[in-house]
Amino acid sequence: MAERLAAADRAAKREPAYALVERAFYLAFLFFALILMHLAAGLFHALIRRDGVFDAMGPTLTHDEVAPADWQKAPGPVRSR
């Protein structure tokens, strides 16, 4: 009987820590699912809709681009704005 009480006492001491780890696991899982959904939405715009949203998320600058004020002075090809 004393062994059962000791085991129950040990379980009661572990319970708050277990609950914290369990909550952290679910929050991590939800955060990971949110990242996957965001990635899927980006790929959906890039591969299926092809509406330019994916390109607008991360514009890449090249050496051919110049500031809007300098477009008349720049030699070579310049992207129109």
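Bear in mind that the values in this text are calculations on the coordinates, not laboratory data. Source: prediction; values computed, not measured. Here Cβ is always computed from backbone atoms with ideal geometry, including for glycine, and neighbour counts include all displayed protein chains.
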Contour minus end-to-end for L36 and A6, with contour as 0.36 nm per residue of separation and end-to-end as the Cα-Cα distance?
6.3 nm
How much length would be gained if the chain were fully extended between L43 and Y26, taking 0.36 nm per residue of separation minus their Cα-Cα distance, in nm to one decimal?
3.6 nm
Using a cut-off of 13 Å between beta-carbons, work out the net charge of the residues near G42 (Lys and Arg +1, Asp and Glu -1, G42 not included).
0
